[in-house]
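Each remark here refers to the structure printed beneath this line.
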Amino acid sequence: TANQSWDQDIDVVIAVLESIAESGGLKFKNWTKLGDATSTKYLGYTWDPKEDTLKPRLWFNIGKIERGKTTEEDLTQENIEQRVMASCTKRDILSVQGQFFDPLLILSPIIVKLRLFFGSICEEIGPENWNTQLSLQKKKEFIIMFKEVLAASSFTFPRSCIPRNGINFKYPEGQLICFTDGSLEAYACAVYLRFKTGEHNYCNLLTSGVKTVGVRKLTAPRTELLGAVLGVQVTNNVISEISALVDIKQTLFLTDSRIVLGQLKHASGRFEMYVGSRLDFIQRNSKDSVWKWVPGDLNPADLPTRANSNMEEIQSKKWLHGGFL
């Protein structure tokens, strides 16, 4: 993979890189450029260079189900039900969760469902007993969930978050927007890159972050606060990665928690240790940013914090493009 400025000739860059590699006795296997017809592996995804879109590369092994070794037609809903009902253990559930590779967490609303489901299995079966069969009810729940996971294998999203038209490609000016949210089960954030040209706005999901609460018993205000901490962490990582490509004019944080916004208006020393230390982290690492309130039904970060999000919501404008943004 080679990154270069927008005004550079890619063929010249390739020639220089090949010359450097040959001087060390190395040789590139092949090059894939934008516009080529053949799809290729790309950082854990499948890249279609003709359409410039990415698709998750998913493969699973549950009992006798082997994704990637059988054809798409072989994995029908009927044989999935038959195989899961015949044999499905806690080890199989962990295997599915571990094989769901999505480094950008574009599909975090589905990933968190798998994590929460595995947590419920651990509570039911215990910390050991890896080969114990799931209960009939849990198997039925997993069948429904696994069908959604299979549907995610055909999900595509644009590789580039910078629109092709109307934008200064050399060093475009953009706005970074991070939504944060928390629930009794999980807390999450979703980061978007937004450009404005004339009367048009372009906004795309860059990445997200999600963590489950686990065995801890936390109140909703505390998970909202943890969501804000996660949002600051992920946003700062994004800024360090894209600062050479995009001129970030403003960083905006949006949350539906009035409690967190109220806490951020005060010195962190006024609060007890748990809350105060996290407020101090947020205030120190987002001091040049703006914090605003957003209604809960308009907050995309709400999707990864619950166990009932579906593919229709993941493919919606709200999740992929920030909705009202």
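The values are calculated or read from the model by the stated rules, or taken from the named source; none is laboratory data. Not measured: the values here are computed from a predicted model. Every residue, glycine among them, receives a Cβ derived from its backbone with ideal geometry; neighbour counts consider all protein chains shown. Just so you know, the surface numbers come from the protein's heavy atoms only, side chains and all, with ligands and any DNA or RNA stripped out. Shrake-Rupley method; radii C 1.70, N 1.55, O 1.52, S 1.80 Å.
Couplings 3J(HN,Hα) of the stretch 26-32, computed from phi: 10, 8, 6, 5, 6, 10, 10 Hz, in residue order, whole Hz [Karplus 6.51 cos²θ - 1.76 cosθ + 1.60, θ = phi - 60°; x for Gly and Pro]. For GluC sites (Glu not before Pro), the sites in the stretch 114-202 that DSSP calls loop and that have at most 15 other Cβ atoms within 10 Å are E128, E199. Dipole of the stretch 99-198 computed with +1 at Lys/Arg Cβ and -1 at Asp/Glu Cβ about the Cα centre; of Q133, F117, F157, farthest Cα towards the positive end is F157. Which percent, to the nearest 5, of DSSP beta bridges fully inside the chain are antiparallel? Within the chain, antiparallel bridges account for around 70 percent of the total. Within the stretch 242-283, the proportion of C-alpha pairs whose separation exceeds 12 Å stands at 66%. DSSP assigns beta bridges within the stretch 161-287; of those with both partners inside it, close to 70 percent run antiparallel. Probing with 1.4 Å while keeping every protein chain in the model, the per residue accessible area of the chain equals 54 Å².
Shown is the FRET efficiency for S95 and Y274, computed with R0 = 30 Å from the Cβ-Cβ distance and rounded to the nearest 0.05: 0.30.
Roughly to the nearest percent, how much of the accessible area of the chain is carbon and sulfur, given a 1.4 Å probe?
Taking all protein chains in place, the chain shows 51 percent carbon and sulfur surface.
Simple spin-label estimate for K147 and I248 gives 4.1 nm between the two label positions (7 Å along the Cα-to-Cβ direction from each Cα). The smallest convex shape that holds all Cα atoms of the stretch 187-278, its convex hull, gives 129 Å³ per residue.
Using Cβ point charges alone (K and R +1, D and E -1), the dipole size of the chain about the Cα centre works out to roughly 760 debye. Straightening the chain between Q82 and Y171 buys 26.6 nm, computed as 0.36 nm per residue apart minus the Cα-Cα spacing. The mean of 1/r over all pairs of different alpha-carbon atoms in the stretch 121-198, once inverted, gives a Kirkwood hydrodynamic radius of 17.6 Å. Of all complete DSSP H helices in the chain, those with a Cα span along the helix axis of 27 Å or greater and a mean Kyte-Doolittle hydropathy of 0.0 or more are 220-242. The heavy atoms of M145 present about 30 square angstrom of accessible area, all protein chains included, probe 1.4 Å. Between E124 and D9, residue separation times 0.36 nm minus the direct Cα-Cα distance comes to 35.5 nm. Computing Rg and Dmax of the Cα atoms in Å for the structure here picks out one of (i) 22.2, 62; (ii) 23.0, 79; (iii) 24.0, 74, namely (i). Across the alpha-carbon set of the stretch 259-325, the Rg to Rh ratio works out to 1.09, Rh being the Kirkwood radius.
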